[in-house]
Every structure is written in structure tokens, then in C-alpha cells.
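Notes for the one structure printed next.
Coordinate-derived values only; no laboratory data. Computed from a predicted model, the values in this text were never measured in an experiment. Here the Cβ positions follow ideal geometry from the backbone for every residue, glycine too, while neighbour counts run over all protein chains shown.
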Amino acid sequence: MQAPSSGSKHEVSPAAMSHSAEVPHCQLCGSSERTLKFQDGPFRVVTCSQCGLTYVTPRLQGEALKAVYDEGYWKSTNPKQRGYADYASESALYLKTFRRRMRLVSRWLPANGRVLDVGCAAGYFLRIAKEHGHDVHGVELSQAIAVEAVKALGQDRVHIGTLDDAVAAMDHKPASFDLVTMWDVVEHIPEPQPVLRRVRELIKPGGRFLLETQNVASRWARLLGPRWHHYKHDEHLYHFDPQTIRRLLADCGFKVLHLGPAHAGKYVSFGFLAERAGRLGKVAGLLAKPLALLRRCNLYVNPHDEMIVVAEPC
């Protein structure tokens, strides 16, 4: 039987693909048994037959994967495939989104709490948390965007590099944070378990870990199939659902306290909606073109295809 296709070829340079590798087994349970969801160019999106984790193979490795997050990621000529059309230009909407999300965050964070955001990008969440009186710290691997967080918050607050490097460089002590967050990050990490275990070490007794990630089992993801806008194979290495994210967290020593889509929406511009509609096909793209004329307008959108998870060390 012919393998299902996404309908549009994912373009990757031969140089980048020369630094890719097949993923021989599931990162979550170790099984090599899997079923093919669809193929898009050189990439296959597969689901583990044992635990249900959906992941991408082959996968960019090393410097090729790191290069995905260069300047072109944050101002992308092809945001349907990689990154954002113009991340910095949407700063007001990201800040507005996190102000709304603080309604949830504040339920799990004491007054004047100490917060670490892993994968903090330009530091938008940390800026809002700081407005609420919290002691904020961040770590971001991509220097191209981390410089914006440093400008806003200071070099003593943001480390450019990995979490392990940040722990050493910033002298973050074990059990020193009331809250650690990861907004749209875990699906990007080739080996998430060591990172999540390090996160667990940093959380105080009674502290919380909050992450957001996409839900591949959501109604919107199932309806769109290969056209779902979160299928970006260079960067989204995993596609979790409630079952698999719970298992990952349990394996790393966490107990889930809350999981749901209610607070996972975003304020987006009409220009963003027009760009994303193009992924649905030529007809949808053409119908949505008038939205681009209203690109400065925005609205809150939540198709319930992302989930926010709150967990505690156990």
C-alpha cells in the first residue's frame, strides 16, 4: 500500500540532510515497532506501536539541528515549514497572551516566587512574571533571540546556552525554584528525559513544573491530518498526547496535577491566520488572503490542539 503523503514536499537542503539520522527506536519506551502516519519529503511521521508516542524520523542532528534556530528561524521566509514569519514584530501579542495565562500560572505560584523559564526565547513570559512581582530567570539556546531577553531582563537573569550550562554558570542551586516553565519547548528536545530530570532537581519541595506542548490526539490535529500546522519536521521532533506526556513526566519523577487545553490559546494577528490558512491548501489560502489586509488586528484563538500540564516532583 502506498504511504500517505502530506501533499506538499518538505524542502530540506542536501547539506542539512547529510547530518540527519534515522531514529531506530521510540525515545519513550524503547520499542522499534511503529506505524507510519504519513511521509513528507525525506521525513516520516510515525507512531510507536507500544506506547503511542508520535515522532519524526530521520532527524536532524548536532550542528544541523542547532542551525535550525538561527536568525532565519525567528524571521522565516517559510514559516509553514520552519519558525516564525516575524517573531519580534508580534511581541505585543505574546505579552498579551502571557498576561492572560498568568491567571493559570498564579494558581500554582506563591507570591514573590522564584521562576525559571527553560527555552525563554525573547523572555516574554518572564517579563510578565516580573510584572507580577516574581524573581525571574531564563535560559535560551538560540542566541539569535536570547539577546532580546538579555536586553529586557539583564545578563544576570538570562543564560544563553543549555540548561546544564545555565545551572553551572548562573549557580542555580538544587531545590531553588518555586516554578519551572517550558512553553512550546519539550517537543524540540532530542533527548527530553535528562533535561526534565534536571528540571526536577531545581524545583523546591512544594514547587511546580509547568509545560505547554501540542496534542497530536486533539480533534483539530486529527481533522487536518498531515496539514496540521504543528507538523514542522526540522524542529518538532515529538508529538505528544495526554497519555504520552504523562508517561514522560512519570518516568522523570513527576506527578501530573493538571492537564488541559483551556489556557493554551494565543492572541494572533489576522496576518498570522492568513499565513497558517495557506497550509490547508490553495483554496483556503486564497480565501484567507483578505485577512492579510487586516494584519494589525488580532483575536484570541484556541483550537484546543495544545495542552498545558502542571506537575510536581514525586
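The Cβ shell under 9 Å around S218 holds other residues with a net charge of -1, Lys and Arg each +1, Asp and Glu each -1. Taking the inverse of the mean reciprocal distance over all distinct Cα pairs, the Kirkwood hydrodynamic radius of the chain comes to 20.1 Å. Dimensions of the range 162-262 from C-alpha coordinates, computed as largest minus smallest value along each principal axis and given longest first, are 45, 29, 22 Å. Residues whose amide H lies under 5 Å from that of R59, counting only those 5 or more places away or on a different chain, are A21, E22, V23; hydrogens are built 1.01 Å from N in the peptide plane.
Residue separation of E22 and L36 scaled by 0.36 nm, minus their Cα-Cα distance, works out to 3.6 nm of gained length.
For the chain, the relative contact order works out to 16 percent when only alpha carbon pairs closer than 8 Å and six or more residues apart are counted. Remark: the range 35-173 projects, on average over all directions, an area of 10.8 nm² (convex hull of Cα atoms). Output the antiparallel fraction of DSSP beta bridges having both residues in the chain, as a percent to the nearest 5. Here the share of antiparallel DSSP bridges comes out near 60 percent.
Taken one residue at a time, the phi angles of the range 192-208 give Karplus couplings (6.51, -1.76, 1.60, θ = phi - 60°) of x, 4, x, 5, 5, 5, 5, 4, 4, 4, 7, 8, 5, x, x, x, 10 Hz. Gly and Pro are set to x. The overall shape of the range 111-157, judged from the alpha-carbon gyration tensor, is prolate: a/c is not under 1.5, and a/b is greater than b/c. Dipole orientation for the chain: of the candidates P24, W183, V199, W183 has the Cα lying most toward the positive pole (charges on Cβ; Lys, Arg +1; Asp, Glu -1). Here the gap between V256 and K151, fully extended at 0.36 nm per residue and compared with their Cα-Cα distance, gives a gain of 34.3 nm. Shape call for the range 81-162 from the C-alpha gyration tensor, a ≥ b ≥ c root eigenvalues: rounded (a/c under 1.5), prolate (a/b greater than b/c) or oblate? Because a/c hits 1.5 or more and a/b fails to exceed b/c, the range 81-162 counts as oblate. Charge dipole (Cα centre; +1 on Lys/Arg Cβ, -1 on Asp/Glu Cβ; no other charges) of the range 182-239 amounts to roughly 260 debye.
Counting 0.36 nm for each residue step from A111 to D86 and taking away their Cα separation leaves a gain of 5.6 nm.
Computed from label points 7 Å out along Cα-Cβ, the spacing between A67 and C51 is 3.1 nm. Using a simple spin-label model with pseudo-atoms 7 Å out from Cα toward Cβ, T77 and Q243 lie 4.2 nm apart. The HN-Hα couplings worked out from phi for the range 36-50 by the Karplus form 6.51 cos²θ - 1.76 cosθ + 1.60 (θ = phi - 60°) are 8, 7, 6, 10, 9, x, x, 9, 10, 9, 10, 10, 4, 6, 8 Hz, whole numbers, x standing for Gly and Pro. Counting Lys and Arg as +1 and Asp and Glu as -1 over every other residue whose Cβ lies under 14 Å from the Cβ of R103, the net charge comes to +4. Remark: spin-label model distance R222-D135 equals 4.6 nm, labels positioned 7 Å along the Cα→Cβ axis.
Listed values for the range 83-90 are Karplus-derived 3J(HN,Hα) couplings in whole Hz (6.51 cos²θ - 1.76 cosθ + 1.60, θ = phi - 60°), namely x, 10, 4, 6, 4, 5, 5, 9, and x replaces Gly and Pro.
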